[in-house]
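One structure is given here, and the rest of the page talks about it.
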Amino acid sequence: MDAIADLTKVVMDLRRDLEEDMENLAFHSAVAKIENGSKLLESDGKERYFVMEGDLVKKCQSGKSVTYRFFLFSDQLVYTHRAFSGEFKVHRQLLLSVLRCEDIEDNATAFRILHPLKSFAVTAESPQAKTHWVRVLTQTANAARPKPSELNLEDEASAEEPANEEEDLERRSSFMKDEERRSSVNL
């Protein structure tokens, strides 16, 4: 029986190591596609991991539709366009701690990405892709948000729970603007 238990432990350890290696490979593979992407390896002491990537069509203010490649990491959403070199050149980085998604109900494939620095509508290739992006973006953004105890709010009155999601986002937004400037990788 001890041999079976030992073998089970070895197999579980190998599986965990393999999963970590696969996550590491996915992260480095994503970083390698982005021009100056190696700067994404510098995460200011916080662990950063790759979540997913894919194309979304962004509707610009001019009315023009542009396809961008979005890279979702554990702490930020990076959207890029393909440069002549074949690499993806960063268009904008958005910290997830103040980002949220909003469904566009009358469109089966579109949703909004809302952020204090930049908000815009995007279209996915299918309703299933839209659902996947909204779900994963929302979950990852929620995980990236600091807990109220981590905010170090200056007065007790503001330490109270926010009345609604808008107030919570506004509070986090004002706190995170300095964080955004400090932690932006500037690719």
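The values are calculated or read from the model by the stated rules, or taken from the named source; none is laboratory data. All figures in this text were calculated on a predicted structure; none of them were measured in a lab. All Cβ positions, glycine included, derive from the backbone under ideal geometry; neighbour counts span all protein chains shown.
Would you call SER38 at pLDDT below 90, outside any helix (DSSP H, G or I) and among the hydroxyl-bearing types (Ser, Thr, Tyr)? Step through it out loud before you land on a result.
Details: at pLDDT below 90: yes; outside any helix (DSSP H, G or I): no; among the hydroxyl-bearing types (Ser, Thr, Tyr): yes.
Judged against the criteria, SER38 is not a match.
Residues checked against (1) under 17 Å from the mean Cα position of the chain (by Cα); (2) modelled with pLDDT of 85 or more; (3) under 14 Å from VAL136 (Cα atoms); (4) part of a helix (DSSP H, G or I):
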| site | (1), (2), (3), (4) |
| --- | --- |
| GLN61 | no, no, no, no |
| TYR79 | yes, yes, no, no |
| PHE84 | no, yes, no, no |
| LEU94 | yes, yes, no, no |
| GLU105 | no, yes, no, no |
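Can you tell me which residues in segment 123-149 are of a type in the set (Val, Ile, Thr), more than 15 Å from the chain's Cα centre (by Cα) and under 17 Å from VAL51 (Cβ atoms)?
Scanning segment 123-149 gives a single hit, THR131.
Only one entry of ALA129, ALA141 meets the criterion of being of a type in the set (Gly, Ala, Ser) and surrounded by fewer than 18 Cβ atoms within 10 Å (Cβ to Cβ), and that entry is ALA129.
With respect to the conditions (1) out of contact with any helix residue (DSSP H, G or I) (no Cβ under 6 Å at 6 or more places or on another chain); (2) farther than 21 Å from PHE50 by Cα, PHE111 lacks only one, and its number is (1).
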